[in-house]
Amino acid sequence: MPVLSPVRHTLSNGLRVVVSQDPTVPVAAVCLWYEVGSCDEPRGRTGLAHLFEHLMFQGSTHVPAGEHTAAVEDAGGHTNAATGFERTVFHSLVPVGQLELVLWLEADRMGGLPDALTAESLATQRDVVLNERRERFDNVPYGTGWEQLVAMSFPAGHPFRAMPAGSPEDLRAVTLDDCRAFFGRHYTPDRAILSVVGDVSPEAVVELAERHFGHIPPSGTGPGAVGALTRTVAPGAPADPAEARRHVVEPVPGPAFMAAYQLPAYGEPGCAAADLALTLLGGMSSRGLHDRLVRRDQLAHTARASLMPLRRAPSLGQLNVRAPAGTALADMERAVDGEIERLADGGVTDDALEGARAQIRRDWHDRLAHPAGRADELCAQEAYFGDAARCDRHLAGVLDIGAAEVGAAAAELLAPARRAVLTYEPARETGP
């Protein structure tokens, strides 16, 4: 795996530029990372950041609706976007000679999207986003499970309580004025990071960034500004233990046991150890939830565990066990707790831990093997820690964690008192 050795530069308007030159990559992977996600949405306007992910392709000052993607594809590349709790990201992968085209397109919508916003484009993309929600969440068995767990993990009013998909009611209430105000506050150079990976020189990329982005004014809310937005969020576990457990009866194929554990924020002490503990639980090796519940006890047909890292709020450990109809939920929960207790009581063997390390190492290398993955990770480390070069140190910090630390994380951080639990029970059929 190549060392990324990124070169960093900040424009006068606050845009952070990160370049990782790699002559073995005959393309340019571009990532424009805006530090805005669902946690930044105003009260009563959930889903606005995800809606903007779509609106960003609906035209800007010099680019008609739909032509952004067409221009990149005509140049032999492709483009995509994603929205999360803490970021909205736009990716493009093009031949090196088309890098300036991508930067011009990105700068045009950063500097002039509000000019192109219309009631028609808002209505069209609102319908697209609502339809996505129906297809991915509302009309899928267990589809709203994680949404419910996230809401149960944070108190009312907490910025991370709503999923990026947003609520249909809030989305329908969004106006053009809401959109323009949200864009002006968040989609600005001082709230953005531009990374480029490929056979490009840092000097050339910085010159192009100055040419195309340098004239765009900052919002004054970026890092280091007097009016900088708050970058930390207090944890918010449910005060009443009764609120941390919910039972749902729906027409699902079988019972399910799902849980969300409040863990340290990404990069804080304990988070990496919890990640290793969850990897041990969720892996397909001879020890863990799959071995216990699926292979041996035959209580479930899937049993998974993973980490959802968050930087500005507690990270969440995800646990998802689904079983055939007729399985007792109490048996499933006892088996889950038994496996966690085994890890906490010295069950983290050297062999098992090495397997978890190998999985994390493989996942990290797979991510950085593609130039687009590298560009995204450079932006992430710069956004979360102000240090894109942390990419070259991250993996070693995780792999140095020992068995005792992982066991302690299982005992302390995966305890029942730190989790929200959602259980599903199939609804019984009635009538003829």
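At-a-glance table
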| item | result |
| --- | --- |
| Test: residue in the range 269-291 that is free of Cβ contacts under 8 Å to residues at least 24 places away in the same chain, touching a helix residue (DSSP H, G or I) at 6+ places or on another chain (Cβ under 7 Å), open to solvent by 30 Å² or more (accessible area, probe 1.4 Å) and not in a strand (DSSP E or B) | yes |
| Filtered residues of the range 72-94 (kept if out of contact with any Ser or Thr (no Cβ under 9 Å at 6 or more places or on another chain), of a type outside the set (Ser, Thr, Tyr) and open to solvent by less than 50 Å² (accessible area, probe 1.4 Å)) | ALA75 |
| Test for SER20: is it in contact with a Gly (Cβ under 7 Å, 6 or more places away or on another chain) and either assigned to a helix (DSSP H, G or I) or surrounded by 24 or more Cβ atoms within 10 Å (Cβ to Cβ) (or both) | no |
| Filter pass, ALA75 being in contact with a Phe, Trp or Tyr (Cβ under 7 Å, 6 or more places away or on another chain), more than 26 Å from GLY166 (Cβ to Cβ) and modelled with pLDDT of 95 or more | no |
| Complete set of residues in the range 95-104 that are farther than 9 Å from HIS212 by Cβ and either surrounded by fewer than 22 Cβ atoms within 10 Å (Cβ to Cβ) or more than 24 Å from the chain's Cα centre (by Cα) (or both) | PRO95, VAL96, GLY97, GLN98, LEU99, LEU101 |
| Residue within the range 114-129 that is assigned to a strand (DSSP E or B), open to solvent by 20 Å² or more (accessible area, probe 1.4 Å), more than 30 Å from SER315 (Cβ to Cβ) and of a type outside the set (Val, Ile, Thr) present | no |
| Number of positions in the range 143-200 that are more than 25 Å from LEU15 (Cα to Cα) and over 20 Å from the mean Cα position of the chain (by Cα) | 13 |
| Count - residues of the range 169-187 that are open to solvent by 10 Å² or more (accessible area, probe 1.4 Å) and among the hydroxyl-bearing types (Ser, Thr, Tyr) | 1 |
| So VAL89, is it assigned to a loop (DSSP other than H, G, I, E, B), at pLDDT 95 or above and under 16 Å from the mean Cα position of the chain (by Cα) | no |
| Residue ranges of helices (runs of 4 or more DSSP H) in the range 338-432 with at least 1 members in contact with a strand residue (DSSP E or B) (Cβ under 8 Å, 6 or more places away or on another chain) | 371-385, 403-413 |
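The values are calculated or read from the model by the stated rules, or taken from the named source; none is laboratory data. Just so it is clear, the structure is predicted and the values come from calculations on it, not from any experiment. Positions of Cβ are generated from backbone atoms using ideal geometry, with glycine treated the same way; all protein chains shown enter the neighbour counts. Accessible surface is based on the protein model in full, side chains and every heavy atom, while ligands, DNA and RNA are left aside. Shrake-Rupley method; radii C 1.70, N 1.55, O 1.52, S 1.80 Å.
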